[in-house]
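Just below is one structure, and these are the notes that go with it.
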Amino acid sequence: MTEKTYRVIQWATGVVGKAALKHFIENPVFDLVGVLVTNPGKVGKDAGELAGLPPTTGVLATDDVEAIIALDADCVHYAPLVADVDTICRLLASGKNVASVGGPFSPQHYPAHFEKIEAACRAGGVSYHACGVHPGFSGDILPLTLTRLMNRIDHIQVYEFIDKVQNPMIYTEMMGFGRDPEALLAKPSRSPEAPYAFAQSMAMVAEGLGKTIEKVTTRLEVAKATKDIPYTLGEGREGGGVIRQGTVGGQHYEWTAWCEGKPLITYHFYWSMGPDIEPQWDIDSRYQVVIEGDPALEVRLMARPGPDGVRPFLGLPWTGLLGATALPAVCEAKPGFVTHIDLGVVQPHGLVRG
Ligand SMILES: NC(=O)c1ccc[n+]([C@@H]2O[C@H](COP(=O)([O-])OP(=O)(O)OC[C@H]3O[C@@H](n4cnc5c(N)ncnc54)[C@H](OP(=O)(O)O)[C@@H]3O)[C@@H](O)[C@H]2O)c1
């Protein structure tokens, strides 16, 4: 039996986009037809080269948005630095299904965006879906799936641990590492919008349990660097710096969704600049879901250790793969904004291959 194939465009080739691009080149279910880049150094390069594969795809990266929108394609994996709803709507209205890793993730919190996306889906006769490792998997579809193992649920807690020295990312300075701890506590660096992006995942879990969230409360705890900590920005990026002793070396954001007067879902984000912080908390990079109730359970989601014995943090490549593997289901879904709940069990074809 020949498998149905999907003509796909990769929009942006950062860490997330590159993982999806590699998947589109290697998975025979996809036929890569376009790659949009903003970096002038990438324009004209073969998609294979951008994905770390041989430069033999024949698909050359372009920065021409109009040419990409005019392409004949079934779907777009949309992974730019910042998601732009108007661009998403142009892609949808041009008849391309879209999976976005930057949201919007569910209809509840941004009704204006939802209405625009719904209208564009209707115009193009296509679907829109958003997912990623968190939001979009570890805090919603994963715990929701695990709730099937429960008799009674008291509290769902989802943890993200990232050691940002082992797993360098661009967000280090932006996130306020290296700032004065009191100043950061008074004015946190993480956008006040952030809990609401994650609240979309919380709302999805609550919806799946037949409940509604009343409010989301936030708490920030800071750990101090106990010595100077040098850091880089990661593969292929120039720059970096030093987190000075006594400044912010760890941040624990805690967001709690309340239901019927009690905490129902709590997300913990433990982001650390290595082990030299006080208080010393767990820095093994992973996602972890704990469901308190009857019977209580715990699941840890982490990479296998590499040859050096260290487990890499795969949150960014996983984000690209989650969007990529959902695309066939998004293409087959009824037109409109489709959440995990609408998609049901996604069947990621083309993964088992020689
Ligand atoms: N839902 C989740 O769980 C989750 C998790 C992680 C990240 N994300 C989202 O995924 C997206 C990509 O993350 P990433 O780690 O891949 O980031 P990244 O490595 O910094 O790459 C972002 C890419 O966006 C393009 N870009 C750069 N500047 C831009 C600009 N001013 N306007 C538009 N595009 C620009 C560039 O593409 P080219 O290099 O191709 O020119 C860049 O490589 C972000 O929106 C992030 O919020 C979601």
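If the condition is being within 11 Å of the ligand (Cβ to nearest atom), more than 21 Å from GLY102 (Cα to Cα) and among the charged types (D, E, K, R), then the stretch 36-85 contributes LYS42, LYS45.
Checking each residue in the stretch 319-337 for being out of contact with any helix residue (DSSP H, G or I) (no Cβ under 8 Å at 6 or more places or on another chain) and within 16 Å of the ligand (Cβ to nearest atom) picks out LEU322, LEU327. Which residues, taken from the stretch 42-95, are open to solvent by less than 50 Å² (accessible area, probe 1.4 Å), over 25 Å from the mean Cα position of the chain (by Cα) and over 22 Å from ALA123 (Cβ atoms)? Passing the criteria: GLY44, ASP46, THR57, VAL59. GLU207 meets each of the listed conditions (1) under 17 Å from the mean Cα position of the chain (by Cα); (2) under 21 Å from PRO104 (Cα atoms) apart from (1).
For every residue, the table says whether it meets (1) touching a helix residue (DSSP H, G or I) at 6+ places or on another chain (Cβ under 9 Å); (2) without any contact (Cβ under 8 Å) to a residue 40 or more places away in the chain.
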residue	(1), (2)
SER285	yes, no
VAL289	yes, no
GLU292	no, no
ALA296	no, yes
ASP308	no, yes
PRO317	yes, no
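Among residues that are in contact with a Ser or Thr (Cβ under 9 Å, 6 or more places away or on another chain) and open to solvent by 20 Å² or more (accessible area, probe 1.4 Å), THR217 is included. Within the stretch 222-241, restricting attention to residues that are among the hydrophobic types (A, V, I, L, M, F, W, C) and assigned to a strand (DSSP E or B), which residue is most open to solvent (accessible area, probe 1.4 Å)? Per the criteria, the residue is VAL222. Among the residues in the stretch 126-144, are any within 14 Å of the ligand (Cβ to nearest atom), charged (D, E, K, R) and within 21 Å of ILE341 (Cβ to Cβ)? Yes, some residue in the stretch 126-144 is within 14 Å of the ligand (Cβ to nearest atom), charged (D, E, K, R) and within 21 Å of ILE341 (Cβ to Cβ). Just one of the listed residues (LYS4, LYS18) is of a type in the set (D, E, K, R) and under 23 Å from the mean Cα position of the chain (by Cα), and it is LYS18.
Residues that are out of contact with any Phe, Trp or Tyr (no Cβ under 6 Å at 6 or more places or on another chain), open to solvent by 40 Å² or more (accessible area, probe 1.4 Å) and within 16 Å of the ligand (Cβ to nearest atom) within the stretch 102-125 comprise GLY102, TYR110, HIS113, listed in sequence order.
Can GLY176 be described as assigned to a loop (DSSP other than H, G, I, E, B) and in contact with a Leu (Cβ under 6 Å, 6 or more places away or on another chain)? So GLY176 passes the test.
Inspection of the stretch 186-198 identifies no residue that is open to solvent by less than 60 Å² (accessible area, probe 1.4 Å) and modelled with pLDDT of 95 or more.
Evaluated against (1) in a helix (DSSP H, G or I); (2) open to solvent by 50 Å² or more (accessible area, probe 1.4 Å), GLN245 falls short on exactly one condition, (1).
Restricting attention to the stretch 112-164, the residues that are in a loop (DSSP other than H, G, I, E, B) and touching an Asp or Glu at 6+ places or on another chain (Cβ under 9 Å) total 8.
Scanning the stretch 200-211 for residues that are open to solvent by 60 Å² or more (accessible area, probe 1.4 Å) and modelled with pLDDT of 95 or more yields GLY210, LYS211.
Contact map, the stretch 143-167: first residue small (Gly, Ala, Ser), second residue modelled with pLDDT of 95 or more and open to solvent by 20 Å² or more (accessible area, probe 1.4 Å), Cβ cut-off under 8 Å, separation 6 or more or different chains; the map is empty.
The values are calculated or read from the model by the stated rules, or taken from the named source; none is laboratory data. Just so it is clear, the model here is predicted, and its values are computed rather than measured. Positions of Cβ are generated from backbone atoms using ideal geometry, with glycine treated the same way; all protein chains shown enter the neighbour counts. When the accessible area is computed, the model is the full protein with side chains, heavy atoms only, and any ligands, DNA or RNA have been set aside. Shrake-Rupley method; radii C 1.70, N 1.55, O 1.52, S 1.80 Å.
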